[in-house]
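J.: Supplied in structure tokens, the structure appears directly below.
Values in this text are rule-based calculations from the coordinates and carry no lab data. No experiment lies behind these values; they were computed from the predicted model shown. Ideal geometry is used to build each Cβ from the backbone, glycine not excepted, and the neighbour counts take in all protein chains shown.
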Amino acid sequence: MNRYEYIHDKFVAFSFEHNIGNGIFRLIPQLKFRQFYTIKTLWGGLSDANKTLNFLPGYDFKSLDGKTYLEIGTGIDNIFKIIRLDFIWRLLPNPLPKEANKRLGVFGSFRLSF
């Protein structure tokens with residue numbers, strides 16, 4: 001989900017991530033990569049009063065209005081012991097955006113621990 005893509009005054013979110021260890025990288029043990037998968041869902045909506053305030057002409061706000069947002073992903077962790085790559089696919093809500101870059105995302109991050 002892109003930042004500030006949906007606005008809600010009431011929502012419920014669920015996020016699950018599971019690290020499956022070496023996974024497909026067990027064939028190359030010297031890399032010590034870890035594979036993981038994620039599932040993220042969101043349900044939400046806006047009250048009628050907030051809809052009239054937030055959906056003025058010229059603003060591009062969206063609300064799920066009770067629909068389900070769902071994305072799944074997989075990725076690689078422990079690249080050089082600090083880098084992580086995430087590959088995310090948006091499955092819901094329907095209809096999906098026509099632009100491919102809004103349905104699939106590749107994200108990189110790093111983590112430092114002392």
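J.: Please give the net charge around Arg111, taking every other residue with its beta carbon less than 12 angstrom from that of Arg111, where Lys and Arg add +1 and Asp and Glu add -1. Can you show the working numbers first?
T.: Numbers: positive: Lys81, Arg84; negative: Asp77.
Local charge sum for Arg111: +1.
J.: Using Cα-Cα distances under 8 Å and only pairs 6 or more residues apart, what relative contact order does the chain have, in percent? Write down the numbers at each step before the final one.
T.: Numbers: 210 pairs, mean separation 25.6, N = 114.
The value is 22 percent.
J.: Right, here's the next one. Among all the lysines, which ones have a C-alpha under 17 Å from Lys32's C-alpha, if same-chain residues fewer than 8 places away are not counted?
T.: Correct list for Lys32: Lys81.
J.: Read phi for every residue in segment 74-89 and hand back ³J(HN,Hα) as whole Hz from Karplus 6.51 cos²θ - 1.76 cosθ + 1.60, θ = phi - 60°, with x for Gly and Pro.
T.: 9, x, 10, 10, 6, 7, 6, 6, 9, 9, 9, 10, 10, 10, 10, 10
J.: Something else: So what's the net charge close to Gly73: Lys and Arg +1, Asp and Glu -1, counting the other residues with Cβ under 11 Å from its Cβ?
T.: Working: positive: Lys40, Arg90; negative: Glu17, Glu71, Asp86.
Once all neighbours under 11 Å are counted, the net charge is -1.
J.: Okay, which of segment 73-99 sit inside 15 Å, backbone N to the point 7 Å along the Cα-Cβ direction of Asn2?
T.: Counting backbone N atoms under 15 Å from the label point, the list is 90, 93, 96-99.
J.: Which entry in (1) 45, 12, 9; (2) 28, 20, 11; (3) 35, 14, 13 is this structure's computed semi-axes √(5λ) of the Cα gyration tensor in Å?
T.: Only one option fits the structure, namely (3).
J.: Further, regarding this structure: Can you return the lysines within cross-link range of Lys40? Criterion is Cα-Cα under 20 Å, with same-chain partners fewer than 8 residues away left out.
T.: Straight-line reach from Lys40, under 20 Å: Lys10, Lys62, Lys67, Lys102.
J.: Turning to a different aspect of this structure: Which order do Phe87, Phe36, Phe110 fall in if you start with the one that has the fewest other Cβ atoms within 10 Å?
T.: Details: Phe87 15, Phe36 18, Phe110 10.
Result, fewest neighbours first: Phe110, Phe87, Phe36.
J.: Using DSSP to define loop residues, name the trypsin sites (Lys or Arg not before Pro) in segment 1-38 whose beta-carbon has at most 14 other beta-carbon atoms within 10 Å. Please report the intermediate quantities before stating the final value.
T.: On the way: sites: Arg3, Lys10, Arg26, Lys32, Arg34; in loops: Arg3, Lys32.
Here the sparse-neighbourhood loop sites are Arg3, Lys32.
J.: Could you list His18, His8 so that the one with the fewest beta carbons within 10 Å of its beta carbon is first and the one with the most is last?
T.: Values: His18 9, His8 18.
Ascending Cβ contact count within 10 Å gives the list His18, His8.
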